[in-house]
Amino acid sequence: MIADSDDGVIIVGAGLAGLAAAAALRQRGIKAVVLEASARAGGRAWTTHPPELDGTWFDHGAMWLHAAERNPLVPIAREAGEPLIASDSFRTERTFIGTRAVTTDEHAAYEETWHSYTATADTILATHDDAPLAAVAQRMADNPWAVSVENWEGPVINVADANAFSLRDWRTNMLEGSNLIIPGGIGAFAQRVLAPMAAKVVFRCPVGRIAWQEAHGVTVETPRGHLRGRAVIVTASTGVLNSGAIRFDPPLPATTQADLAALPMGLAQKIAFRATGADRLDLPDHCSIDRQVSRSGEPAMVFSAWPTGRNFISGWVGGSIAWDLNRAGPSAIEDFARSELRRSLGGRIDRALQFALVTQWGNDPHYQGAYAYALPGRVAARARLQTPIADGRLLIAGEAQNDDGLAGTLAGAWNAGTRAARAITPAR
């Protein structure tokens, strides 16, 4: 059994939103307990040391502290004495057209396209409430690099196909500023620094039902017993909430359900290859690899070679192709990744690289995807979902319920959890 407390706050989920909510309530002297379905804290910030990668650290999910200049986790990390590395300060790039690297002029044209892409997006949004992200490259049809930028901004960064993703949501969440790395992994940082800031966390305690209109407040049902409190903060992903894995009694308001459906989960499928020997494929450490794509929606994978000097190459693909590959299984993911590497680096990669692992966010019932994106015309759902329900008995908070320009990030999740906690009034 888990301890009961009618005047306490129950937090569902020990990802960063849940940890932030618990920490903020603890600072205010408000009793809280966190119920986590899995065996660990951190949510989609998860670091392991796989033997397939010779025991080095590997972040399965989140990897960076984005927008460092306004990221609330950066001062926390600095106060804890965590080393922070500016990733962009030493990252190198290799872009390919077919089997050859781009020329200096081609690289300059690619770089300029990023600027013109944003300007074109602003032109569209000046006269339209919203549009699909794909509208930008369509308007830039004479630019051979436009769909390559679209591949980054849609499937790669925002884990959504460009024709299904809100342009206004993209523009709001562009994440300008520095990207920081914590050596040893973001997930390890979450376990080491953030989790101890929270109140009590009960692991392996999935929530099956939330009754949120009780006379005393709320009742949360788990396999380990029922817990009563005066309010509940639900930080589960929109994938979990849209799946019905948690039953709400009574059902959530129709407007809330519609807003959750407007923020579906995208998927980023990550794969890692370990170097078999000394061959580094003529690539420097911390090297980003991409290629020119020829059409919108073309399946393409980007890679990071020898990140921070570690002995592996990781690949990343997002959007519908990531879901397709996830359903097909690890062998299909490996085949696709190798074919992408071969088209740029040649058959040499088959001797130089050994398959190590693929991530499993799409198969994990605790998340059911990577992070949420907004459908075209539905970006306001992020803000509406922040509104407390039933006089503050029920709050929903997570990376998806964030409209401050940090949606889909650890910082956004932390802000959402903190915001929800501030909406809780002290017990009388």
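Put simply, when 120-126, 420-426, 264-270 are sorted by average Cβ atoms within 10 angstrom per residue, most first, you get 264-270, 420-426, 120-126. In the elastic network of the chain, a GNM with C-alpha springs shorter than 10 Å, the most mobile of G43, G177, G185 is G177.
Based on every Cα atom in region 137-291, Rg and the maximum pairwise Cα distance Dmax equal 21.8, 67 Å. What is the distance in Å between the Cα centres of region 31-64 and region 193-210? Going from one Cα centre to the other spans 14 Å.
Normalised by 2.2 N^0.38 Å, where N counts its residues, the alpha-carbon radius of gyration of region 80-152 equals 1.44.
Seen against the Cα atoms of the chain and their longest principal axis, helix 330-345 is set at about 40 degrees. Within region 29-117, the proportion of C-alpha pairs whose separation exceeds 24 Å stands at 52%. Normalised by residue number, the volume inside the convex hull of the Cα atoms of the chain is 134 Å³ per residue.
As a length-normalised measure over Cα pairs under 8 Å and 6 or more apart, the relative contact order of region 1-147 settles at 12 percent. The alpha carbons of region 261-387 occupy a box of 55, 33, 29 Å along the principal axes, longest dimension given first.
The fraction of Cα-Cα pairs per 10 angstrom bin, counted from 0 for region 230-290, comes to 15, 33, 13, 15, 17, 8, 0 percent, rounded to whole percents.
Once the gyration tensor of the Cα atoms in region 168-224 is diagonalised, the equivalent ellipsoid follows with semi-axes of 34, 21, 10 Å, ordered largest first.
Once you sort the root eigenvalues of the Cα gyration tensor of region 387-428 as a ≥ b ≥ c, which label holds: rounded (a/c under 1.5), prolate (a/b larger than b/c) or oblate (the other case)? Prolate.
Along the axis of the charge dipole computed for region 328-405 (Cβ charges of +1 for Lys and Arg, -1 for Asp and Glu, origin at the Cα centre), the listed residues V358, A390, G405 are led at the positive end by V358. Model label sites at H107 and A254, defined 7 Å from Cα along the beta-carbon direction, differ in position by 5.7 nm.
Dividing the mean sequence gap of close Cα pairs (under 8 Å, 6+ apart) by how many residues the chain holds gives a relative contact order of 26 percent. Only beta bridges with both residues in region 1-106 are counted; by DSSP, about 50 percent of them are antiparallel. Taking the DSSP bridge list for the chain and keeping only pairs wholly inside it, about 65 percent are antiparallel. Each Lys and Arg adds +1 at its Cβ and each Asp and Glu adds -1 at its Cβ; summed about the Cα centre, the chain shows a dipole of about 1280 debye. Across region 264-335, the convex hull enclosing all Cα atoms gives 108 Å³ per residue.
The alpha carbons of region 150-200 occupy a box of 42, 26, 18 Å along the principal axes, longest dimension given first.
Relative protection proxy for 73-84, 24-35, 408-419, 309-320, from highest mean packing down: 408-419, 309-320, 24-35, 73-84 (other beta-carbon atoms within 10 angstrom).
As I understand it, the value is the acute angle between the Cα axis of helix 410-422 and the longest principal axis of the Cα atoms of the chain; what does it come to in degrees, rounded to 10? Roughly 20 degrees between the two axes.
Since every read-out is calculated from the coordinates, none of them should be taken as a lab result. Owing to the predicted nature of the structure, the values given are computational and were not obtained by experimental measurement. Glycine gets a Cβ as well: all are built from the backbone with ideal geometry, and neighbour counts include every protein chain shown.
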